[in-house]
Amino acid sequence: ALGRLMKSFIYSIMRRERAKKLISLVVLSNKAFSGFISGQCIEVLLIGILCFIGMLFINHDYTVLIAVIVGVTNMIPFFGPFIGAIPCLFILLMVNPMSAALFAVFVFLLQQFDGNILGPKILGDSLGLSPIWILAGILIGNGLFGIVGMLIGVPTFAVLYNIVSETITHRLQEKGMSANYSENKIEFN
């Protein structure tokens with residue numbers, strides 16, 4: 001109901017062509033941000049489960065607590081598991097220093113797996129971006145707006161990527177051309 005009202009409002013105050021473009025942008029943004037959030041939720045769940053399994057081998061004390069902390073803080077790109085690992089390390093240091101050392105190595109390896117394989121795969125699939133564009137979105141977002149930029153950088157980058165891609169495709173079509181992207185070359189028909 002709210003969506004229909006907003007759409008009607010936009011058409012009532014704007015020319016038809018501009019209204020269509022704005023609504024298209026809003027739909028694209030909604031798709032990118034909801035895809036990012038759902039991808040992040042899946043990633044958090046998987047990292048939490050992997051951390052839980054790893055903790056079963058390291059130390060049975062506080063396994064669930066540590067897995068939840070590491071999983072939830074994983075919502076923060078790149079640094080999340082490390083931010084979550086600090087209080088977990090202190091907990092494990094009080095219980096068993098050897099477990100804390102093993103946990104530190106485990107979290108480092110888990111972060112490498114998440115940052116290089118799992119995260120880009122899940123976010124790439126949910127947003128339609130390659131891992132290099134996801135990394136660029138995080139780094140540029142962080143450089144411009146800090147932690148908030150890291151969180152909104154990837155979906156914003158996905159929206160911009162789609163806008164540029166659609167613009168290029170549209171302009172090529174206006175010229176009676178199309179781009180065929182194969183292997184390591186681009187062919188124009």
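The values are calculated or read from the model by the stated rules, or taken from the named source; none is laboratory data. All values reported here derive from a predicted model rather than from experimental measurement. As a convention, Cβ positions derive from the backbone with ideal geometry for all residues, glycine included, and neighbour counts pool all protein chains shown. Please note that ligands, DNA and RNA were not included when accessible areas were found on the heavy atoms of the full protein model with its side chains. Shrake-Rupley method; radii C 1.70, N 1.55, O 1.52, S 1.80 Å.
The table below gives the values:
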read-out	value
Within the accessible area of region 73-147 (1.4 Å probe), percent carbon and sulfur	80 percent
Computed Kirkwood radius, in angstrom, where 1/r is averaged over Cα pairs of region 1-75	15.4 Å
Span-like helix ranges in the chain, DSSP H, alpha carbon extent 18 angstrom or more, Kyte mean at least 0.5	16-58, 80-95, 97-113, 131-174
Cα→Cβ-extended label distance, 7 Å offset, between residue 79 and residue 29, nm	2.7 nm
Test item: Cα-centred dipole of the chain, Lys/Arg +1 and Asp/Glu -1 on Cβ, debye	1060 debye
For the chain, built as a Gaussian network whose Cα springs stay under 10 Å, the top-fluctuating residue of 93, 135, 127	93
Of 126, 99, 24, the one that fluctuates the most in a GNM where the chain has Cα springs shorter than 10 Å	24
For the chain, built as a Gaussian network whose Cα springs stay under 10 Å, the top-fluctuating residue of 19, 136, 67	19
Centre separation in Å (Cα based) which lies between region 89-168 and region 13-83	9 Å
Sequence-distant lysines (8 or more away, or on other chains) whose Cα lies within less than 24 Å of residue 7	20, 21, 31
14 Å beta-carbon shell around residue 123, net charge (K/R +1, D/E -1)	-1
Surface per residue (accessible, 1.4 Å probe) for the chain, Å²	63 Å²
Kirkwood-type radius of the chain, with distances r between different C-alpha atoms, in Å	19.2 Å
4 °C / 1.567 mPa s Stokes-Einstein diffusion coefficient of region 60-165, Kirkwood radius on C-alpha pairs, µm²/s	87 µm²/s
